[in-house]
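Trainee: Here it is: the structure, laid out below.
Each value in this text was obtained by applying a stated rule to the coordinates, not by laboratory testing. As the structure is a prediction and not an experimental result, all values here were calculated from the model. Every residue, glycine among them, receives a Cβ derived from its backbone with ideal geometry; neighbour counts consider all protein chains shown.
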Amino acid sequence: MGCVMPFLNINGPMVIKLRQARRWSQEVLAARLQCQDDDISREVLANIETGRTQVTDKHIRALQKVFQV
């Protein structure tokens with residue numbers, strides 16, 4: 001049997017939805033998050049979106065500012 005990786009966050013699908021609604025690439029969103037003092041790479045963002053990485057409180061605050069939600 002294969003190993004099933006647990007889904008580590010429920011925020012990923014919403015991040016994708018908000019990012020795509022603004023027609024931003026992952027690179028653009030990562031750069032905007034970095035401007036909010038959230039040191040996040042495109043790779044980490046991709047892992048957040050796919051549920052492979054836990055979202056920290058710092059990430060959530062930065063995402064709220066960037067998406068203005």
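Trainee: Suppose the filter is out of contact with any Pro (no Cβ under 9 Å at 6 or more places or on another chain) and assigned to a helix (DSSP H, G or I); does Arg61 pass it? Please lay out each step first, then the result.
Mentor: Working: out of contact with any Pro (no Cβ under 9 Å at 6 or more places or on another chain): yes; assigned to a helix (DSSP H, G or I): yes.
Judged against the criteria, Arg61 is a match.
Trainee: Return the residues of the range 18-54 that are within 10 Å of the chain's Cα centre (by Cα), buried (at least 17 other Cβ atoms within 10 Å of the Cβ) and not in a helix (DSSP H, G or I); say none if nothing qualifies.
Mentor: Ile40, Gly51, Thr53
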